[in-house]
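What follows is one structure encoded as structure tokens, with my remarks underneath.
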2 protein chains.
Amino acid sequence: MDTRQLKTLVAISTQGTFARAADIVALTPSAVSQQIQALEQELNTELFERTSRPPKLTPHGLQVLEMAKDMLRLEEDTKASLRGDRIAGTLMLGSVRSSALNLLPKAILRMRNLYPDLKTNLRVSLSSTLISDVAAGRLDAAIVAEHLGFPPALRWSPFLREPLWLIAPEGTDITDPIRLLNSRPYIRFRSAVPLANLIDTEISRLGVVPQDIAEIDTIGSIVTCVRQGMGISVVPHVALQEPEDDRLTRLPFGSPQITRQIGIVERIVSPRGEIIAHMHEVLAELCREHGVRREVSTSATVMSR
Amino acid sequence: MDTRQLKTLVAISTQGTFARAADIVALTPSAVSQQIQALEQELNTELFERTSRPPKLTPHGLQVLEMAKDMLRLEEDTKASLRGDRIAGTLMLGSVRSSALNLLPKAILRMRNLYPDLKTNLRVSLSSTLISDVAAGRLDAAIVAEHLGFPPALRWSPFLREPLWLIAPEGTDITDPIRLLNSRPYIRFRSAVPLANLIDTEISRLGVVPQDIAEIDTIGSIVTCVRQGMGISVVPHVALQEPEDDRLTRLPFGSPQITRQIGIVERIVSPRGEIIAHMHEVLAELCREHGVRREVSTSATVMSR
DNA sequence: TCTTATATTAAGAAATACTGGATATATTGA
DNA sequence: TCAATATATCCAGTATTTCTTAATATAAGA
């Protein structure tokens, strides 16, 4: 698969005909036809319905078109980042939703004392997406939980260590947690992060067989679903900061209670290293007794080997 | 850029040397070296530090490696979807965070009456990512707000129409909304969705110059930041369902109050069309007075032209 | 310092991509 | 309904790119 073929496909979709697309990609219509045929052969599916003129994209063709757009965007974004194209003065920051997001408004307000002209572009997404975007240069840094194996261009520094809780809807009888896990509908945290594995591993160790009702990939959404009475689950402490979370029944998960860490991930070589170091300091302060100070060396990098 | 080059780059990163990578990609070491040089020429940057053996990826090289992995994953996911590889019996559903997510637990529980073996894999992400994933076949459907121009392979059916509110921290004096917008720190909703444009357009129409303090791309995060006292913003009704949101000061946004719609987006050709139609029905019922019934024809498709 | 392993260079072979011209097919207008 | 027009495909030849082979250069280890 060649990005030139993908550009041709996108050109056909915008121009309407192979002939006009040929002008756009500086090829002959014959070459355009051959490129599409090569793509169809590689994917083993027809991308165009050819009984009409001009040919019309099939449903599979439309899917491949979306993939093409995504891939070309990745290519262009990476090229822009390598060229050093950036909005001056804006910190591109990412965060997962249900961790330290409640801390960020205070942190950003405090940061303005040090950097009065600092403007923050905050994108909330999933750990895996955020890490990928930091690695690819689309974000300067992101707040994510501990991962097994960050990309080698990145380093992760924890600023929060928090305990895990087994949570159930208000009024649930929790005298026997093992029976609870075996009988109540279980909302499984499904995500490519160590926390999900940590929870699954401990549940396997307990020898229970949870009755899965759903797999959800964000902690905040899981808390919302438990609150709505859907079932029980396991979540970290910081996800339970809302006043009505006090009404959820909760039990320490693991004995001793299991903890996990939240930190900042950034590129090792970054023009915003100083700002990010300060952000880390501010966030650790805001975590009070759960706060973790940054160490002098990039110890997380050492540990992740 | 050719996916064969990207596979080579990934192989070098996992195997450690050009020579061993050559075995993996079934080429000679010379061809591997030439592929990497071609990539470096296209990107106009060095990907490897060559003063050591084996050569070591530069920071730019590591960024390109991440892009390569992302692109190859897109390619593989699309190929798998085209082949029809799917987990049997699981509904791959996406949702934005702060819209109808509160409705989903009830909806999923009700759906189990009709489909007792239905299992739902719920992924919470951003509108643009969700739409892209539905188009590319990674999700069966997603709950997103109205967009200008869905990909042509998709159709969107609204089930909720809700009003917008100007919100401020508890205790804010809101007798003069124009002065408020001109003076208080403003948290701008920045996202590639019509709602963001709708809000920006109305604010321009009002002739105010907001004092931006942050740009955030998720509504739930904006509400969280307003609650924490960071500033004011404009959000839709459903984002204000939590009990402590009652403490926020709010004002109808626009005169008459502006509304926006939430719906389900799905592929026009989908094996789960029936299940998704039922999900739409259940969600519209759960919205009560704000619910929107699905029309007989794919009217949204017509309207989006 | 010498040997070994790996990467690069140069030249040629093999494979692929593209052009040009002819043909096929769909659409449009008379 | 038929002819004209526009567009896509097929086929063969040419141009370009990719890969292999052999020789050379470079780094690392004994």
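The values are calculated or read from the model by the stated rules, or taken from the named source; none is laboratory data. As the structure is a computational prediction, the values presented were derived from the model and not from experiment. Note: ideal-geometry Cβ built from the backbone for every residue, glycine included; neighbour counts use all protein chains shown.
Of all the listed residues (A:Leu65, A:Leu6, A:Leu72), the sole one being within 14 Å of DNA strand C (Cβ to nearest atom), under 21 Å from B:Val134 (Cβ atoms) and in contact (Cβ under 8 Å) with a residue 40 or more places away in the chain is A:Leu6. When region A:255-271 is limited to residues that are more than 14 Å from every other protein chain (Cβ to nearest Cβ) and of a type in the set (A, V, I, L, M), the one that is farthest from A:Glu289 (Cα to Cα) turns out to be A:Ile264.
Taking region A:36-50 on its own, how many of its residues are under 16 Å from B:Glu75 (Cβ atoms) and part of a helix (DSSP H, G or I)?
As a first pass, look at region A:36-50 and keep what is under 16 Å from B:Glu75 (Cβ atoms): A:38-45, A:47.
Right, trim to part of a helix (DSSP H, G or I) and you get A:38-43.
Number satisfying all stated conditions: 6.
The conditions are (1) surrounded by fewer than 18 Cβ atoms within 10 Å (Cβ to Cβ); (2) at the interface with another protein chain (Cβ under 7 Å from one of its Cβ atoms), and B:Arg123 fails exactly one of them. Which is it? The failed condition is (1).
Scanning region B:56-79 for residues that are away from DNA strand D (no atom under 16 Å from the Cβ) and among the basic types (Lys, Arg) turns up B:Lys69, B:Arg73, B:Lys79. Scanning region B:204-226 for residues that are in contact with a helix residue (DSSP H, G or I) (Cβ under 7 Å, 6 or more places away or on another chain) and either of a type in the set (A, V, I, L, M, F, W, C) or farther than 23 Å from A:Met92 by Cβ (or both) yields a count of 8.
What do you reckon, is B:Ile268 modelled with pLDDT of 90 or more, of a type outside the set (Asp, Glu) and more than 25 Å from B:Arg205 (Cα to Cα)? Explain how you work it out, then say what you get.
Working: modelled with pLDDT of 90 or more: no; of a type outside the set (Asp, Glu): yes; more than 25 Å from B:Arg205 (Cα to Cα): yes.
Answer is no for this residue.
From the list B:Arg4, B:Arg53, the one residue that fits, being within 12 Å of DNA strand D (Cβ to nearest atom), in a loop (DSSP other than H, G, I, E, B) and surrounded by fewer than 18 Cβ atoms within 10 Å (Cβ to Cβ), is B:Arg53.
Those residues that are more than 9 Å from DNA strand D (Cβ to nearest atom) and in contact with a helix residue (DSSP H, G or I) (Cβ under 8 Å, 6 or more places away or on another chain), I need them from region A:24-34; list them, please. Even if it seems obvious, please write down each step before you answer.
The initial filter retains those residues of region A:24-34 that are more than 9 Å from DNA strand D (Cβ to nearest atom), namely A:24-27.
Within region A:24-34, A:Ile24, A:Val25, A:Leu27 meet the criteria.
Among the residues of region B:56-85, just one is of a type outside the set (A, V, I, L, M), more than 7 Å from chain A (Cβ to nearest Cβ) and crowded, with 20+ Cβ neighbours inside 10 Å, namely B:Gly61.
For region B:227-240, name all the residues that are within 13 Å of chain A (Cβ to nearest Cβ) and either closer than 20 Å to B:Gly94 by Cα or hydrophobic (A, V, I, L, M, F, W, C) (or both).
B:Met230, B:Ile232, B:Val238, B:Ala239, listed by residue number.
Of the listed requirements (1) touching a helix residue (DSSP H, G or I) at 6+ places or on another chain (Cβ under 6 Å); (2) within 11 Å of DNA strand D (Cβ to nearest atom), A:Glu40 misses just one: (1). Going through region B:175-201 one residue at a time, which ones are surrounded by 16 or more Cβ atoms within 10 Å (Cβ to Cβ) and either farther than 20 Å from B:Leu148 by Cα or over 23 Å from the mean Cα position of the chain (by Cα) (or both)? Residues satisfying the conditions are B:Pro177, B:Leu180, B:Leu181, B:Arg184, B:Pro185, B:Tyr186, B:Ile187.
Taking region A:207-225 as the search range and keeping residues that are of a type outside the set (Gly, Ala, Ser) and in a loop (DSSP other than H, G, I, E, B), which one is surrounded by the most Cβ atoms within 10 Å (Cβ to Cβ)? Steps first, please.
Step one: of region A:207-225, the residues of a type outside the set (Gly, Ala, Ser) are A:208-213, A:215-219, A:222-225.
Those left that are additionally in a loop (DSSP other than H, G, I, E, B): A:208-210, A:217-218.
Numbers: A:Val208: 17, A:Val209: 11, A:Pro210: 22, A:Asp217: 22, A:Thr218: 26.
Going through the qualifying residues, I end up with A:Thr218.
Using the structure shown, decide if A:Gln35 is surrounded by fewer than 18 Cβ atoms within 10 Å (Cβ to Cβ), free of Cβ contacts under 8 Å to residues at least 40 places away in the same chain and away from chain B (no Cβ under 12 Å). Spelling it out, it is not the case that A:Gln35 is surrounded by fewer than 18 Cβ atoms within 10 Å (Cβ to Cβ), free of Cβ contacts under 8 Å to residues at least 40 places away in the same chain and away from chain B (no Cβ under 12 Å). Of the residues that make up region A:12-23, is at least one in the same structural domain as A:Leu62 (by TED's automatic domain parsing), within 13 Å of DNA strand C (Cβ to nearest atom) and assigned to a loop (DSSP other than H, G, I, E, B)? Yes, because at least one residue in region A:12-23 is in the same structural domain as A:Leu62 (by TED's automatic domain parsing), within 13 Å of DNA strand C (Cβ to nearest atom) and assigned to a loop (DSSP other than H, G, I, E, B).
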